[in-house]
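Worksheet: one structure, shown below.
The values are calculated or read from the model by the stated rules, or taken from the named source; none is laboratory data. Everything quoted here is computed from the prediction, not taken from an experiment. Glycine gets a Cβ as well: all are built from the backbone with ideal geometry, and neighbour counts include every protein chain shown.
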Amino acid sequence: MDFLLNLRLQLDEAITYQDEKRARLIALNGLKLAKTKELLGEIEYFKGQLEILNENFKKAIAHFDRAIRFNPKDGASYNDRALCMVELGTIDEVLEYLDKGIKVEPDFATIHHNKGWLLNKLGRHTEAIRCFKRALKLDRRRAVTYENLADALYNLGD
């Protein structure tokens, strides 16, 4: 399972920094390994990632919903489901899914970052700043979080 976690982290980084080719390879490797180990939640998670890369967001949501059913404590699946909802323009429930992900996996920096990103886009800059600071407390190496924190501070007028 540690190897799959490592693949997930690599995949998150590849997607964050828009390295689609690398992301696709990682997702395919993760899917293959998950199938070998018969880890149903992981299979659905990596299928969802591949659908995101293909911009099939509705299909990706279906995979993340199944991943969550198999593993209700998978914060990344809540996170990625929420991001698919943003892509589809269904913003109303996005914060709810991000909060569910934070509840089940509070030490996952990416979900705090993404909640901050959305709050900043919604004009809720003070809340966004708190999310970015929490993300940085969990992972100080994420350059993109510093960039988004600076953007939120700028938008706030500081």
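Got a sec? Which of ILE102, ILE111 is over 15 Å from ASP12 (Cα atoms), crowded, with 16+ Cβ neighbours inside 10 Å, β-branched (Val, Ile, Thr) and not assigned by TED's automatic domain parsing to the domain that holds ASN79?
Just a single option satisfies the conditions, and that option is ILE102.
Quick check on this structure: which one of ALA82, ALA60, ALA67 is closer than 19 Å to ARG142 by Cβ, at pLDDT 95 or above and out of contact with any strand residue (DSSP E or B) (no Cβ under 9 Å at 6 or more places or on another chain)?
One residue alone meets the criteria, ALA82.
Collect the residues in the stretch 124-158 that are farther than 15 Å from LEU98 by Cβ, small (Gly, Ala, Ser) and touching a residue at least 12 places away in the same chain (Cβ under 8 Å), keeping them in residue-number order.
Residue satisfying the conditions is ALA152 alone.
Listed here are the residues, each with its yes/no results for (1) acidic (Asp, Glu); (2) under 23 Å from LEU5 (Cβ atoms); (3) surrounded by 17 or more Cβ atoms within 10 Å (Cβ to Cβ); (4) at pLDDT below 95.
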position	(1), (2), (3), (4)
LEU119	no, no, yes, no
ALA128	no, no, yes, no
ALA135	no, yes, yes, no
GLY157	no, no, no, yes
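Which members of the stretch 11-29 meet the condition of being surrounded by 16 or more Cβ atoms within 10 Å (Cβ to Cβ) and either within 12 Å of ILE52 (Cβ to Cβ) or modelled with pLDDT under 95 (or both)?
LEU11, ASP12, GLU13, ALA14, ILE15, THR16, ALA23, ARG24, ALA27
Give LEU33, LEU53 a once-over and let me know the one that is farther than 19 Å from PHE108 by Cβ, out of contact with any Lys or Arg (no Cβ under 6 Å at 6 or more places or on another chain) and either at pLDDT 95 or above or assigned by TED's automatic domain parsing to the domain that holds ARG142 (or both).
Answer to the check: LEU33.
Where residues in the stretch 44-73 are surrounded by fewer than 23 Cβ atoms within 10 Å (Cβ to Cβ) and touching a Gly at 6+ places or on another chain (Cβ under 6 Å), which of them is nearest to LYS121 (Cα to Cα)?
ASN71
Given the conditions (1) at pLDDT 95 or above; (2) out of contact with any Lys or Arg (no Cβ under 6 Å at 6 or more places or on another chain); (3) under 25 Å from GLY123 (Cβ atoms); (4) aliphatic (A, V, I, L, M), and given that ILE91 satisfies all but one, which numbered condition is not satisfied?
(1)
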